[in-house]
Amino acid sequence: MLAAQLRNAPTERPRRLRRTGPLRALVRETRLHPEMFVCPVFVRPRRGVREPIPSMPDQYRLSVDQLAAEADELRRLGISSVLLFGLPEAKDASGSGAYDEDGIVQRAIRALRSSHPDLIVMTDVCLCEYTAHGHCGVLRDGQVDNDATLELLARTAVTQAANGADVVAPSAMMDGQVRTIRAALDEAGFTGTAVMGYSAKYASAFYGPFREAAGSVPQFGDRRGYQMDPPNAREAEREVALDLAEGADVVMVKPALAYLDVIHRVRPHVPVPLAAYNVSGEYSMVKAAAAAGWLDGRAVTLEILTALHRAGADLLITYHAKEAAAWLATR
Ligand code: PBG
């Protein structure tokens, strides 16, 4: 070897462990597994309906009778959890469809409980899909009334638990929602039902496709009066701490990809499982670019999901769940 080459020889060679696939796998720090995926499912009225969602390729609104087949497919792919969202028959000012004993989500839970007793059924607890005005709570003087909404969120969670939900997930961003729901569940005897707080939920434009899917676009104004302001990160620590103090069993950061710093930042303060919600707009961006041939959808999706886990999330709520599980199985 030339003397000059020897002089330039690095003493540290990280490339040694990147040389082959098996070596890379041996030292890999982060691994995805379908059991960490939570698959969102939109449930709609009537029978025999599998309605495509235009802004979310490969996503559907399913009628209750379609859920068992969907759950079969999820189980076959190794996915053990769903997060249910409901599209009610009718909407009103107080979102009564959310806490109707026979509401769309309540019926969906019953169907899944009987067809798939071991499936983990999570439910979104919010009023926005059920209110005619599209806000996440009830209004007073044109504003969402925090404390009046708490009562309705608690009723929603209790009816979901009564029908067999394993995890109820309040997403309305009302102050005190976790505490109120925990107390109502316990009082009704559902001490075993877990609460997953949408703790650091930002007022994000990335929810656009979801609002089309769920028909929950606010009819006036926006959600910035209750969801978090995107420039704030310290505030996420506070929201997470409050939900933990109020008894949350799982806390969440949402959206995920543009908020990796928030996931990473709260992680050391979160002794419970931490969820990241890879939201509709994040999904649709990747699907659109992949459909146009601008990027490799499979590679990018797995890279994004890996990044969420690497940043500190244990549970990944993602519309990519099914395709990602299938890709992981064939890797
Ligand atoms: C309900 C709710 C929303 C999402 C989850 N729960 C919509 C919103 O807050 O406007 C968004 C999920 C997504 O975009 O995938 N409040």
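All of the numbers you see were taken from the coordinates with simple rules; none came from a lab. All of these numbers come straight from a predicted model, not from anything done at the bench. We place every Cβ from the backbone using ideal geometry, glycine too, and count neighbours over all the protein chains shown.
Observations, loosely collected:
- Using a cutoff of 8 angstrom between alpha carbon atoms and counting only pairs six or more residues apart, the relative contact order for region 16-83 works out to 35 percent.
- Beta bridges assigned by DSSP with both partners in the chain are antiparallel in approximately 15 percent of cases.
- Sequence-separation-based contact order of region 1-123, relative, with Cα cut under 8 Å and 6+ spacing, percent: 24 percent
- Relative protection proxy for 234-247, 23-36, 309-322, from highest mean packing down: 309-322, 234-247, 23-36 (other beta-carbon atoms within 10 angstrom).
- 16 Å Cα-Cα reach of Lys254 towards aspartates and glutamates, excluding residues that sit fewer than 8 places from it in its own chain: Asp124, Asp229, Glu235, Glu237, Glu239, Asp243, Glu282, Asp314
- The loop-placed trypsin sites (Lys or Arg not before Pro) in region 40-98, going by DSSP, that have at most 14 neighbouring Cβ atoms within 10 Å of their Cβ come out as Arg46, Arg47.
- Residues Asp118 and Ala245, FRET efficiency given R0 of 25 Å [Cβ-Cβ distance, rounded to 0.05]: 0.20
- Centre separation in Å (Cα based) which lies between region 5-50 and region 111-160: 35 Å
- The chain, relative contact order in percent, only Cα pairs under 8 angstrom and at least six apart counted: 17 percent
- Rg over Rh [alpha-carbon atoms, Kirkwood Rh] for region 32-329: 0.93
- Computed per residue of the chain from DSSP H runs no shorter than four, each worth -39500 (n - 2.57), the mean residue ellipticity at 222 nm is -11000 deg cm²/dmol.
- On Cα atoms only, tilt of 67-76 relative to the major axis of the chain in degrees: 20 degrees
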